[in-house]
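The values are calculated or read from the model by the stated rules, or taken from the named source; none is laboratory data. Since the structure is predicted, the reported quantities are computational estimates derived from the model, not experimental observations. Ideal geometry is used to build each Cβ from the backbone, glycine not excepted, and the neighbour counts take in all protein chains shown. In case anyone asks, the SASA skips ligands and DNA or RNA and just uses the protein heavy atoms, side chains included. Shrake-Rupley method; radii C 1.70, N 1.55, O 1.52, S 1.80 Å.
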Amino acid sequence: MDILARFMKTSSKRKILTDSPGYPRQVKNRGAKVTQARFLDKTTSALVDWQINLIKDFINFLDQPAIALNSFYKIVHFNNAFLDAYGKHGKKRDQLSLLDYLNKKDLESLKKCLDDIEEDELESCQQNIQIKDKTINVRLKNFKINNEANFILLICTEFKKGPHTQSNILGLVSHELKTPLTAIKAFGQLTSSTLKHSNKRATDYLGKIDEQINRMVGLVDDLFDVSKIHLGKFTITKNPHSLDDLVKETLEEIKLSRLGKHKIIVRGSIKEKINIDKNRIKQVLLNMVSNAIKYSPKADKVIILLKRTPQTAQIKIKDYGRGIDPQNLKNIFDQFRQNKESGGLGLGLYISQKIVKEHDGKINVTSKKGYGSVFTINLPLKKVK
Amino acid sequence: MKIFVCEDEKEIAEIIKTILENQNHEVKLDFGGNKILESIMSFTPNLIILDYRLPNLDGEKLTKKLKADEKTKKIPVVIISASNYLEKVAIDSKADDYLSKPFNIENLLAIVTKYDSQ
C-alpha cells in the first residue's frame, strides 16, 4: 500500500509544467485572442483531464482490483483485476455502479470514512466492506480536482478466509490466554483473603500479582480488539446512558487500579442520556485517564471537562505532563505506535479512536511541549426518549 | 442458596465452588456434559452460573432453552466468559446477568448476593 502514499505525495507536489502530458498547447498558441476567463476555463478543464488520466494510469498499473468512482458512486474506470474479481455482474461495463456491490450499511460507512479525510489532502482511509460474502479491505482516496470533478479512488484487498490468518489466530489466542489468567487471579485473591491481616507482606505481594494480571488482561483485550478490527468484525451495541454516571464509574475503576496519586477533577456535567456502548466508552475514558496519569508523573492532577455543545457531548481529558512531540502528534492514533519509555503495545489510542468513530464521534489531541496534552472526544447528541 | 455451576475448565469450576461454599452456599458442579438439563432439573437450583463456551453445548442456546421452559424460566442465569462481547451475548440470550473472566471474587459474590436477597 506504500505505493498509494507515494503516488499521492508525488501527484500533489508535482509542479504542472507546460510540457507535461495533456497540458493545453493549443491554448498557449492562440495568445491574445483568448480572453482571460476562457483561458482559465480551458486550463482548468485540461488540468482536470490530465489528473483524471493520471489516476486512470495508476489504476491500470495496479495488480489489485481498483476503481475510480464519480460522486454518485458510478464506476468511471476500473482495471482488469477488478473485472476479474467482481466484474461479472450481468451489467454492461459502462453501467457498473458501486451500489450494485454494496449493502446500505457499508455504503454509509464508506461515505463517513471519506468525509473524515476530506480535510487532509494527503490522507487516505481504510474500511472493511462485504462484497459477495467476502470481507474486503478497501483503501479510499477522495480527489477533489476542482468544484466540478470529484473522484474517488478505491483499491481492494481481499481477506483470506481460513483459520490461519494472523487476525484469527490473535482472536483465538487472546480468549485462551484469559482462561489461565482467570484461575491465577481467583487463586491469588482467595489466598489473599485466607491470609487477611495475618501476613501483611504476603497480601501486599499478592496485590501486586493481581495488578500485573489486570495489566496482562488489558494487553490481551487490546490484541483481541485489534484482531476484530482487522477482520472487520468490531461492533458496538448502543443503549441510553448518562455520561455523568459513566465518568463516575470510570473514576471508581481508576481508584481501584491504584495507578497514580493524581487527583482527578471533574468539571461540568452532561445529565441527559445519550446513546452509547457504555463499556466501550468507558474503555476509551479509562485509556485516556490512565494515559494522562502515566505521562504526567510529576503532576498531581488530571482534569476531566464535560460540556454539552449544541450537537455533541464533549469530554476533554487534560494532563499537566511533558506533552507530546509535534512529530509524534500526527501519528498518535496509529496502531503499534509504542512509546519507548513507557512500554505497552501501542494499541490503546488506536482502539479508542475506532470506538469513537463507531459512535460517529471524533477524537483529537492538542499538546504543547512542557505544558501537557488535551484529548477531546466529541460524541453526537441524539435525543433519547 | 442452591447454586448450579457449569464450567468446563475444572480449575475454575473448583475455585468458584470453594468461593461459594465459603459463603455457605450449596454448590453443584457440572463440566458441560450432555445431561446438563436433567442435572439442572434434579438439583432445582436458585441460581445458575454458566460458562457460555461449553464443549458440547452452546451456553447461549442453553440459556434460551432454560428461559423458554416453564419449570426453569424463573431461575436467574448468570453467564461467565472471557468473551469481549459478553454484554451483547447476555442480552441476546436473555440471561439475567454476566460476569467477565477474569473476575474479581468480590464481583462474583456481589452478583450472588443480589440474587440471594431476591
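Is one or more of the residues making up segment B:66-89 in contact (Cβ under 8 Å) with a residue 60 or more places away in the chain, within 14 Å of chain A (Cβ to nearest Cβ), closer than 30 Å to residue A:233 by Cβ and among the hydrophobic types (A, V, I, L, M, F, W, C)?
yes
Please go through segment A:217-257 and pick out each residue that is more than 23 Å from residue A:179 (Cβ to Cβ) and among the polar types (S, T, N, Q).
Scanning segment A:217-257 gives A:235, A:237, A:239, A:242, A:250.
Given the criteria of a type in the set (Val, Ile, Thr) and more than 25 Å from residue B:102 (Cα to Cα), does residue A:276 qualify?
Working: of a type in the set (Val, Ile, Thr): yes; more than 25 Å from residue B:102 (Cα to Cα): no.
The answer is no for residue A:276.
What do you reckon, is residue B:43 within 14 Å of chain A (Cβ to nearest Cβ) and more than 12 Å from the chain's Cα centre (by Cα)? Explain how you work it out, then say what you get.
Values: within 14 Å of chain A (Cβ to nearest Cβ): no; more than 12 Å from the chain's Cα centre (by Cα): yes.
No, not satisfied.
So which residues in segment A:250-265 are at pLDDT below 90, over 17 Å from residue A:209 (Cα atoms) and part of a helix (DSSP H, G or I)?
Correct list: A:252, A:253, A:254, A:255.
Please go through segment B:6-28 and give me each residue that is more than 14 Å from chain A (Cβ to nearest Cβ) and closer than 22 Å to residue B:93 by Cα, ordered by number.
Initially, segment B:6-28 is screened for residues more than 14 Å from chain A (Cβ to nearest Cβ), giving B:6, B:24-28.
Matches in segment B:6-28: B:6 only.
Any idea how many residues of segment A:195-209 are assigned to a helix (DSSP H, G or I), farther than 22 Å from residue B:80 by Cβ and within 14 Å of chain B (Cβ to nearest Cβ)? Lay out the reasoning, then the answer.
At the first step, the residues of segment A:195-209 found to be assigned to a helix (DSSP H, G or I) are A:195, A:200-209.
Restricting the remaining residues to those that are farther than 22 Å from residue B:80 by Cβ gives A:195, A:200-208.
In the following step, the residues that additionally are within 14 Å of chain B (Cβ to nearest Cβ) were identified as A:195, A:203, A:206-207.
Adding up the residues that qualify gives 4.
Can you pull out every residue in segment A:55-75 that is in contact (Cβ under 8 Å) with a residue 60 or more places away in the chain, closer than 14 Å to residue A:101 by Cα and of a type in the set (Val, Ile, Thr)?
Listed by number, the list holds a single entry, A:67.
Does any residue in segment A:171-194 that is at the interface with chain B (Cβ under 7 Å from one of its Cβ atoms) come within less than 6 Å, Cβ to Cβ, of a residue that is surrounded by fewer than 17 Cβ atoms within 10 Å (Cβ to Cβ) and of a type in the set (Asp, Glu) six or more places away or on a different chain, and which pairs are these?
Here the result reads A:183/B:11, each pair linking segment A:171-194 to a residue that is surrounded by fewer than 17 Cβ atoms within 10 Å (Cβ to Cβ) and of a type in the set (Asp, Glu).
Out of segment A:138-189, which residues are modelled with pLDDT of 80 or more, charged (D, E, K, R) and in contact with a Lys or Arg (Cβ under 7 Å, 6 or more places away or on another chain)?
A:178
Being open to solvent by less than 40 Å² (accessible area, probe 1.4 Å) and at the interface with chain A (Cβ under 9 Å from one of its Cβ atoms) is the filter here; which residues of segment B:90-118 pass it?
Within segment B:90-118, B:101, B:102, B:103, B:105, B:108 meet the criteria.
Can residue A:214 be described as within 14 Å of chain B (Cβ to nearest Cβ), polar (S, T, N, Q) and touching a strand residue (DSSP E or B) at 6+ places or on another chain (Cβ under 8 Å)? Give the derivation first.
Working: within 14 Å of chain B (Cβ to nearest Cβ): yes; polar (S, T, N, Q): yes; touching a strand residue (DSSP E or B) at 6+ places or on another chain (Cβ under 8 Å): no.
No.
Report yes if residue A:275 is modelled with pLDDT under 95, open to solvent by 50 Å² or more (accessible area, probe 1.4 Å) and part of a strand (DSSP E or B), otherwise no. Write out each step before concluding.
Values: modelled with pLDDT under 95: yes; open to solvent by 50 Å² or more (accessible area, probe 1.4 Å): yes; part of a strand (DSSP E or B): yes.
Yes, satisfied.
So which residues in segment B:65-91 are touching a Lys or Arg at 6+ places or on another chain (Cβ under 9 Å) and of a type in the set (Asp, Glu)?
Correct list: B:87 only.
Have a look at A:215, A:201, A:267 and point out the one that is under 27 Å from the mean Cα position of the chain (by Cα) and surrounded by fewer than 16 Cβ atoms within 10 Å (Cβ to Cβ). If you could, list the steps in order and put the result at the bottom.
Values: A:201 fails: under 27 Å from the mean Cα position of the chain (by Cα); A:267 fails: under 27 Å from the mean Cα position of the chain (by Cα).
A:215 is the lone residue from the list that is under 27 Å from the mean Cα position of the chain (by Cα) and surrounded by fewer than 16 Cβ atoms within 10 Å (Cβ to Cβ).
Restricting to segment A:218-244, name every residue that is more than 10 Å from chain B (Cβ to nearest Cβ) and touching a strand residue (DSSP E or B) at 6+ places or on another chain (Cβ under 9 Å).
A:229, A:230, A:231, A:232, A:238, A:240, A:241, A:242, A:243, A:244 - these are the residues of segment A:218-244 that are more than 10 Å from chain B (Cβ to nearest Cβ) and touching a strand residue (DSSP E or B) at 6+ places or on another chain (Cβ under 9 Å).
Might you let me know whether segment A:228-236 holds any residue that is modelled with pLDDT under 90 and over 22 Å from residue A:336 (Cα atoms)? First the steps, then the outcome.
Filtering segment A:228-236 down to residues modelled with pLDDT under 90 leaves A:228-236.
Next, only the ones that are over 22 Å from residue A:336 (Cα atoms) stay: A:236.
Yes, segment A:228-236 has at least one match.
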